[in-house]
Amino acid sequence: ASTLLMAKAFPKSRFFGFDYHDKSIEAARESAKRAGVADRVTFEVSKAKQFPGSDYDFVAVFDCLHDMGDPVGASTHVRQSLAKDGTWMIVEPFANDQLKDNLNPVGRVYYSFSTLLCTPCSRSQEVGLCLGAQAGEKRIREVVTSAGFTRFRRATETPFNIVYEARP
């Protein structure tokens, strides 16, 4: 859905979507056809550390970096795939750095998701870093900068998500 929204908002641009789940890719292709953007949007099966292409102006990940087994490896691949002046937008669940600061209704639900979905998902993959849904800004920054990004900032937030910007 996010890729289709961007394709509609930026009609002169091309978009490439990648996911390791083949059924999600099939559904995305059908959605692109229904939305009338299939001529500018390509969806392919690929792992986060292996998606093709280089010199991208913009890469976006939505609510998934914390689920990856090797988020540092994925971040490194994003860094290598970006143009020199490219931007990486990272959307993650809203989380503070300290446990006590996440003990609110949303944080408690996110800890449940993390226990039942995010952490097992990461554990089932290579490396199995297990950031979970409550990886705060400090931890996300560590992952991103260890991959070679030199600029990292919180661009905006909602009660449910934080949007980070990373640049080479």
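The values are calculated or read from the model by the stated rules, or taken from the named source; none is laboratory data. Just so it is clear, the model here is predicted, and its values are computed rather than measured. Note that we place each Cβ from the backbone using ideal geometry, even for glycine, and neighbour counts take in every protein chain shown. When the accessible area is computed, the model is the full protein with side chains, heavy atoms only, and any ligands, DNA or RNA have been set aside. Shrake-Rupley method; radii C 1.70, N 1.55, O 1.52, S 1.80 Å.
Okay, here's what the table says:
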quantity	calculated
Only one of 112, 122 that is surrounded by 21 or more Cβ atoms within 10 Å (Cβ to Cβ) and of a type in the set (Ser, Thr, Tyr)	122
Unique match (being open to solvent by less than 90 Å² (accessible area, probe 1.4 Å), farther than 18 Å from residue 70 by Cα, of a type outside the set (Ser, Thr, Tyr) and touching a Gly at 6+ places or on another chain (Cβ under 8 Å)) among 104, 96	96
Matching residues, segment 115-136, being under 16 Å from residue 91 (Cα atoms) and either among the hydroxyl-bearing types (Ser, Thr, Tyr) or out of contact with any Asp or Glu (no Cβ under 6 Å at 6 or more places or on another chain) (or both)	131, 132, 133, 134, 135
Checking residue 116 against (1) at pLDDT 95 or above; (2) more than 19 Å from the chain's Cα centre (by Cα); (3) in a helix (DSSP H, G or I), the condition it does not meet	(1)
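Yes or no, residue by residue, for (1) β-branched (Val, Ile, Thr); (2) assigned to a helix (DSSP H, G or I); (3) touching a strand residue (DSSP E or B) at 6+ places or on another chain (Cβ under 8 Å):
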| position | (1), (2), (3) |
| --- | --- |
| 24 | no, yes, no |
| 28 | no, yes, yes |
| 31 | no, yes, no |
| 49 | no, no, no |
| 57 | no, no, yes |
